Each structure stands twice: as structure tokens, then as C-alpha cells.
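Have a look at the structure below, then the notes.
Coordinate-derived values only; no laboratory data. Bear in mind that the values here come from a model prediction, so they are computed numbers and not experimental data. As a convention, Cβ positions derive from the backbone with ideal geometry for all residues, glycine included, and neighbour counts pool all protein chains shown.
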Amino acid sequence: MDKVIYTKPEAMEDRFTHYCPGCGHSTITRLIAEALDTLKIQEKAVCVSSIGCSVSSYYYFKCDGLEAAHGRAPAVATAIKRCRPELYPFTIQGDGDLAAIGTAETVHASARGENIVLFFVNNAIYGMTGGQMAPTTLVGMNSTSTPGGRKTDTAGYPIRVCEMLATLDGPAYITRVSLHNPANVRKAKKAIETAFRVQMAGLGLSLVEILSPCPISWKLEPTNALKFIEETMIKQYPLGDFKVIDGVKALIEGVNPCSPK
Amino acid sequence: MLAEIVISGSGGQGVLVIGRLIAEAGFLEGQEVVWSPSYSAEKRGGTVSCMVTISTEKVGSLMITRPTIGIAMNHAAAIKLEPALKKDGWLLVNQAENGYQPARKDIHFLTVSANQLALELGSESTANIVALGALLSIHPVVSLDGVIKAMAQLFGSKILEMNKQALIKGSKSVKTKDEKI
Amino acid sequence: MSKKVLMVGNVAIAEGAVLAGCQAYFGYPITPQNEILEHLSKRLPELGRVFLQTESELAAISMVIGAGATGVRAMTSTSSPGFSLQQEGISYMAGAQIPGVIVNVMRGGPGLGNIGGAQGDYFQAVKGGGHGDYRIINLAPASVQEMMDLTMLAFELADKYRNPTFILVDGFLGQAMEPVIIRDAVTKFPAKPWAITGAKGRPKNLLDSFEMNPVNYPSRVKKLLDKYEIIRRNEVRFEGLLLEDAEIVVVAYGSASRSAMSAVKLARTDGIKAGLLRPITLFPFPEKALRELSLRIQAFLVAELSGGQMIEDVRLAVGLDCEVDLVNRYAGVPLPAEEILESLRGIALKQRKN
Ligand SMILES: Cc1ncc(C[n+]2csc(CCOP(=O)(O)OP(=O)(O)O)c2C)c(N)n1
Ligand code: SF4
């Protein structure tokens, strides 16, 4: 008999995504859907989309969804959680959305320690609008609005979101992962799952930053885009946990209540 | 009946409280009332004013441009209030002897040494209530009883008694050079 | 028995929200509406409801979106500069058909302006303010009692039409104190099968304004436009004073209408046949009532606390054959009844000469 070893997650809709080939958004969509399956929370999850390539990410999950204006997803998710604590709202936000126009909403939701999950897709570029400079664009990196590469004298320096937010007392779990190879995708999956479990346990805000390829705006073949993350991006954005409060530590180290017995 | 009252003084003189008590008392006595903080652009110098309309009919305008009664808690306020008063209006000024003298002859003029009297009761902080008592003894737009009821609602028990005394003291103290009274 | 108390206008709005079953309030401090935020910071938690002081008006309106989307009654309040920031979220709410109440206690502008009362946000509130093809129901209270009553109505209309609803009021009324009859709390709420409550035992609910397929978008916007037509037909509210035999009609809303009320009564004692038409809804505008009046009245006087904004709607309603004059104050300064009376006298004199 044939054995099914790979299939579409239950919580994922049966439809094409609008993401470009080789885009990290697709992988992230799948990982989130897998986490919804593993934790059996699809009926309570709410996808709050942002403005950017993740604009209609709620199309792809079999859970309720809501649109937020550019940068405002953390505020929208905050209100959902406050008004219906039994729901599990999560946002999917690009770097422009989360770290430029929505910086205030991100910082303050974090400072308040809202019991929500933020998935931060760092592709170091404005994908949707055609490849302009993002707050996370590397120094020297090309974009359509930094001809000749980002120069610090006029465009300043990239923001390390995890490091910045980890200085706050509010958040429970802040981590940076990457999609550049299978081993790291598995780590990303674990982090995404942990973030939801933190919310389920009522421990507070999680932010999972995911270094994610944008082959189109980077003008690289998908495999070279992964190499770019590994060889260049990680130097600016080191992987690892930046904040793990004690409750979350216990959660990670303890027996996973959702794993098969 | 229509009384349009403007109360004016400097910050900390309890101007808003006078207005509030008149409004509450009028309300308790079944009148139509409106209380409004002053709209004047002059926020400088810490001038505080408020306006109270007491009427048997529904009140229109929230603002009072020509008051029928002015309560001035200091000279500067009196100078501003006097020209605005309606003919035959009333001006009460908080001052010691020989202070402010009105220029107009077509208004009623009263004075009260509110700070002095309040001090005799133990604290200058009740000078506003003394002034209110003084006004009501001559021009009962609301009753003293009504004001006492309003005070019971708005003030804590600690300061209620002293304020009651201040009201009574004020009501027995009016000095006037007005022959019309 | 219903209780009657003296109340500040802003507090009446806050209490109206509580009575209407507002479950969540989000706001950022700005004068002259702070009493709403402060009052609810105590009241809502007492009732086990949500109060949150936000990092900005942008966040506040976004939270109203999040809360309204879950099906609960939600509100924010602000004053002019904050209202500008909220236009973004309001446009999204209109597009995604998420109900909610937005209170604007207007102050002097443009820019930072001052904290005096004003009606200079009329265009912004009534005509749009945010981007795109949408309309907002605008309720304009003229007394502290109406601040309570219309706030309650705002929640009802927001739910009924799945549309944001504004309370548009000037700072003078926000700060004024008047007697208020406390209404009974609302106990019946409409079902909201569209709300975000978790996709359990039903297909998932999506609330958005975005349409990826350009072919589908016009029909989607058309549905909104049709809804606004129904609102125009069903929700016009206004009040008339001495209109029956009036020869000059003052048109005013908010605190300007209170001054106008005094002025009209004074004019009558002068032998001038003045009347007052007070729009209670600014959108939908009582254009039909004005049009009908214009068939027998030659002169209208618009009294407002702006450079002249509502007057454009009055002109549009009554047409070119009527004289429409303006008496106004702006920049956070109140409009005295005497000023309106002077204008009425001027118009009456002109009419007699003709
Ligand atoms: C208020 C506002 N400003 C600008 C835009 C245009 N816009 C759409 S997406 C975007 C940036 C997206 O970049 P990012 O957040 O990094 O997400 P990505 O597309 O890379 O996933 C911008 C500026 C908008 N929709 N709204
Ligand atoms: S532009 Fe970049 S981020 Fe957007 S879908 Fe394409 S590859 Fe992904």
C-alpha cells in the first residue's frame, strides 16, 4: 500500500497562492497552517493580514480572517484578543508594514504584552510595491529607491527588530529564524508553533521574525536568494532567541501537550 | 425667570465651583439650567470664568454675552465684567473697603470681603462660597437651601460643614452703596 | 423611573455608549474630549468591558476595527487633529462594512489650531475625509441630552447598516453641563453572523475591503453605494422651530443652533418672522425639507462655527433663486445669539425694502 508522507495541511485552503515562485511567504503560509493543525486551533485562529505581499494571506487558511490597514495589524489583533479572549489572532507582516509605517503599533502592542502572535516576514525589501528600500534593507543593498545600494549617510541603517523589542519588559517570546535550508525551515516551524502555544498558555506577546527570500525584488534565482540569506543577511540579522520569559522556557522544555502520546 | 450669570476670577479662587453650585441648586429646584466654562481666548494670567443660565424655559444659547449677574472674585475680573452687564444687572465684587468703583450708574453694585470673612472661619478656601452666600441674600436666583443640598452632593463630609457656615456668613454680610436696594 | 441628573456633554456621550452596550473603547487623549476617555477608563472596567488608552488615534481606530469585527459594539472618541489620523481606518471600516462609533468633539483648526469649540471638520466628516467612495452617517447633537441619545442611536444605526457612524459635535457642547434624563440600557442586540468569532461549525468569515480581482470590484462598491441610498431615504432627521409662518429660516446645528434658537425667539419679539431648521443628521442631509421651504421662503441664514461649510449643502438644496447668507465664527470662538439676531434684522430690512 502507498503511504502518504506529504500532504496539504488541513487548515490550508485548496487554492493557488498569489506569491511568486520561490517566495518565502508560501513556505510561511504552509508552516502556519501546519501549526494550526498540530495545535488543533484552526476553529479559533484569526488571520490578521497586513499590507504588503501578505495582503490577502487570510485567503489561504481555513480560519476567520480580517484585513488591517498598512502597519496596523498589531492594533487590530490586540482588539480581537481583548474582545474575544478565546480566539487566537495572529498577524503576518512584512518589514515595511511592521518596522516602518507600523513601528508604533508594533512597539506598543509589545510593550503592553498583548497576548497575540506577530509573524514578521523580513525580506529586506518592499516586495509588493516593486522592490523599494525597506527599514531592514542592508547597507549597500540594491533596491529600486536606493540606486547604487543603500548608503548610510542619506538612508541610515537597517533596524534589528528582535534586538530592539527584546529590551522591552512586555513581550514573552522573541525569536529570529530563517528559511534558507530545510534544517532552518524546521526550526522556523518549531518557533511558529511555540508562538501559538505561548498565546494558548496566556503568556503574552510573541514575535517570530522570519528571514524570507524575495527572489523577484532581489533579482536572484530562488536558490541564490537562499544563499544570499545564508551568506549575507544572517550577518546583519543573527538567528536565535532574543527573549524567552521563564514561562515560555518551561513551555519549550516541558512535554509538548499536543505531541502524540 | 431668566438669570444669566457670569462668574470670573483667577485660578484657584473656586470660580467653577460657584457656577456648579448655582447650576446644581437650580436643577434641584426644577429649573432649566446650563453651565459652561468660559470661551474667552484670554487664557493668560490664569483667568477662569464660567457661565450659568437659570431659566423657566428651555435654554437656547450656551454662551452669555450680556449677563444679568456678574460675580467678580477680583478687580481684574470686575473690570472685564462691568461693561458686559445688562442694564439693571448686578455686579458683585469680592474686595475689602474702598476698592473697585463701578463707572456705570445703570447697574446694581455689591461688595463682599469674602477672603476676610472666610479667613475668620478658618480658611480662605471658602471665599467663593462666602461670595455666593452674599449674592443669594440680595438676589436669590436659587435658594440657600438649594445650594446647601447641592453642596451635600458635591462636597465630602469633611469640608461640608465649613462651607455651610461660609454660605450663611456670606449671606449676612453684604455691603452695598446701592440706593436701589 | 428614569433618573435626571446634571451632566457634562462629554460624559453624556460616554454614558450613552455604556447604555448602548458599548463593549470596547479605544482612545488617545486630546482636548476637548478627554472627559469621554477618562470617564470610560473607570466605567468600562467596572462593567467587565474593554478600555484601552492607545499609542495614537491610528491605533485607536484600528482597534475599533478589530473589536467591531468580532461583533461587539465599539467606539473611539477624539478631536479634530486626531480625527484626521482616523480617516485611514474609517475608510477601511466603510470598505469592510465594520460597524463602530467615532466621536469627534471638534476644535479650532486647521493644524493644531486651538482647543475652543468649532465646526470646521464638517467637510471632512460629512463628505468623506478618507479615501474612496464611501459615506458615513453623521449625527449632530445640540444638547447634552442629545449627546446621550444620539450616541445610543449611533450604535444602533452602525449595526443596522454595518457602517461607521459619527457623532459630530463642537467642543462647546462637549464642555457644557445640562440636565439629562438617563435612558434605559439597551438589552437587545442584532445578530451578527458575519462577525469574526472563530470558524467553528460554519464556513470561515472574512472581513476586508480588498478585492484582488478587478472584475469583481465595481459590484462590490456598488453594494456600498446602494446602501448609502437607502440611508439617504430612511435616516434623515431634523428639528424645526417656528417654521410654519417663517419668512427667514436659520439653518444651524450643534451649539450654533442653540444660539440660533435664542436669536430666532428674540427676532420674533422684534416682529421678524424667523424660524430655525436644525439638521440632526448631516449625512443624510435634510435637503428635501429645505427644498420644500425654499418654495415659499426667499431667505436662509446659515449659522455655523466655520468659514462656511454646511452653507454649501444648504445652497445646493435650496437652489439659486433663494438668498442664502452666512453668519459665522471660526477658530474656536463661539457664535453669540446677538450676532445671528443682527443678521436676521439685516435680512428683514432688505426684504422690506424690496
Ligand atoms: C498607507 C499606505 N502607504 C503605502 C502603501 C503602499 N504599500 C503597499 S505594500 C507596501 C510595502 C510592503 O512591503 P513590506 O511590508 O516589506 O511587505 P512585502 O511586500 O515585502 O511582503 C507599501 C508601501 C499602502 N498600501 N498604504
Ligand atoms: S514580490 Fe517578493 S515577497 Fe512578494 S510575493 Fe514576490 S517574491 Fe514574495
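Calculate the dipole size of segment B:2-173 relative to its Cα centre from +1 charges on Lys and Arg beta carbons and -1 charges on Asp and Glu beta carbons; express the result in debye to the nearest 20.
Numbers: 15 positive and 14 negative charges, 50 e Å.
In total the dipole reaches around 240 debye.
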Fill in the blank from the handout: Expressed as a whole number, the average count of other chain Cβ atoms within 10 Å around the Cβ atoms of C:171-177 is 5
Exercise for the section: Could you check what % of the DSSP bridge pairs in the protein assembly as shown are antiparallel, to the nearest 5? Expected result: 35
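From the square roots a ≥ b ≥ c of the eigenvalues of the alpha-carbon gyration tensor of the protein assembly as shown, which class results: rounded (a/c under 1.5), prolate (a/b over b/c), or oblate?
Numbers: a/c = 2.58, a/b = 1.93, b/c = 1.33.
Since a/c reaches 1.5 and a/b is larger than b/c, the shape of the protein assembly as shown is classed as prolate.
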Completion exercise
Taking Cα atoms, the helix A:103-112 axis meets the longest principal axis of chain A at an angle in degrees (rounded to 10) of 30
Completion exercise
Residues whose modelled amide H sits under 5 Å from the amide H of C:Glu247, counting only those 5 or more places away in sequence or on another chain, are C:Lys273, C:Ala274, C:Gly275
Practice task
Using only Cα atoms, locate the centre of segment B:50-88 and the centre of segment A:132-185, then give the distance between them in Å, rounded to an integer.
Solution key: 63
Practice task
Calculate how steeply helix A:73-83 sits against the longest principal axis of the alpha-carbon atoms of chain A, using the helix alpha-carbon long axis, and give the answer as 0 to 90 degrees to the nearest 10.
Solution key: 20
Handout entry: Cβ-Cβ FRET estimate between C:Thr187 and C:Gln298, R0 fixed at 41 Å, reported to 0.05
Key = 0.25
Practice task
Can you work out the PRE-style zone for C:Asn234? Point 7 Å along Cα to Cβ, and I want the residues of segment C:56-92 with backbone N under 13 Å.
Solution key: none
Problem - Two-site label geometry, B:Met1 and A:Lys227: point separation in nm, points 7 Å out along Cα→Cβ - result: 9.4
Exercise for the section: Mind counting lysine pairs for me in segment B:2-173? Cα separation below 19 Å, and the two need to be 8 or more apart along the chain or on different chains. Expected result: 9
Problem - Simple label model, 7 Å out from Cα along Cβ direction - B:Lys86 to B:Glu29, nm - result: 1.6
Handout entry: Spin-label model distance (nm) - C:Ser2 vs A:Ile252, 7 Å beyond Cα toward Cβ
Key = 5.9
Problem - Bridge type composition, segment B:2-173 - antiparallel percent by DSSP, nearest 5 - result: 55
Practice task
Work out the FRET efficiency for B:Thr65 and C:Lys160 from their Cβ-Cβ distance, taking R0 = 30 Å, and round it to the nearest 0.05.
Solution key: 0.15
Handout entry: Cα long-axis angle, helix C:80-96 against chain C (0 to 90 degrees, to the nearest 10)
Key = 60
Exercise for the section: Sort segment C:247-354 into rounded, prolate or oblate with this rule: let a ≥ b ≥ c be the square roots of the eigenvalues of the Cα gyration tensor; rounded if a/c is under 1.5, and if a/c is not under 1.5, prolate when a/b is larger than b/c, oblate otherwise. Expected result: oblate
Problem - For segment A:7-20, 3J(HN,Hα) per residue [Karplus equation, 6.51 cos²θ - 1.76 cosθ + 1.60, θ = phi - 60°, Hz, x = Gly/Pro] - result: 8, 5, x, 4, 6, 9, 5, 8, 7, 6, 8, 9, 6, 5
Practice task
Count, for each residue of C:337-345, the Cβ atoms from other chains sitting within 10 Å of its Cβ, then give me the mean as a whole number.
Solution key: 1
Problem - Three-way shape label, chain B, alpha-carbon gyration tensor, a/c 1.5 - result: rounded
Handout entry: DSSP beta bridge pairing in chain A, given as percent antiparallel to the nearest 5
Key = 25
Problem - Cut-off under 5 Å, modelled amide H: who pairs with C:Lys4 long-range - result: C:Ile182
Exercise for the section: For segment C:317-333, take each phi angle, set θ = phi - 60°, evaluate the Karplus expression 6.51 cos²θ - 1.76 cosθ + 1.60, and give the result in whole Hz per residue in order, putting x for glycine and proline. Expected result: 6, 8, x, 7, 7, 9, 7, 10, 9, 10, 10, 8, 9, 8, 6, x, 10
Completion exercise
Residue by residue through segment B:112-122, the couplings from Karplus 6.51 cos²θ - 1.76 cosθ + 1.60 with θ = phi - 60°, in Hz, x for Gly and Pro, are 8, 8, 4, 5, 4, 5, 5, 4, 4, 8, x
Fill in the blank from the handout: Rounded to whole angstrom, the alpha-carbon centroid of segment C:105-181 lies from that of segment A:27-79 at a distance of 34
Exercise for the section: Using amide H atoms built 1.01 Å from N in the peptide plane, name the residues 5+ places from C:Phe283, or on other chains, whose amide H lies under 5 Å from its own. Expected result: C:Asn138
Completion exercise
If the chain between C:Glu244 and C:Leu112 were fully extended at 0.36 nm per residue, the gain over the current Cα-Cα distance would be 43.3 nm
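Once every DSSP H run of n ≥ 4 in chain C is given -39500 (n - 2.57) and the sum is divided by its residues, what mean residue ellipticity at 222 nm do you get, rounded to the nearest 500 deg cm²/dmol? Before the final figure, lay out the partial values.
On the way: 11 runs with 145 residues, N = 354.
Per the formula, -13000 deg cm²/dmol.
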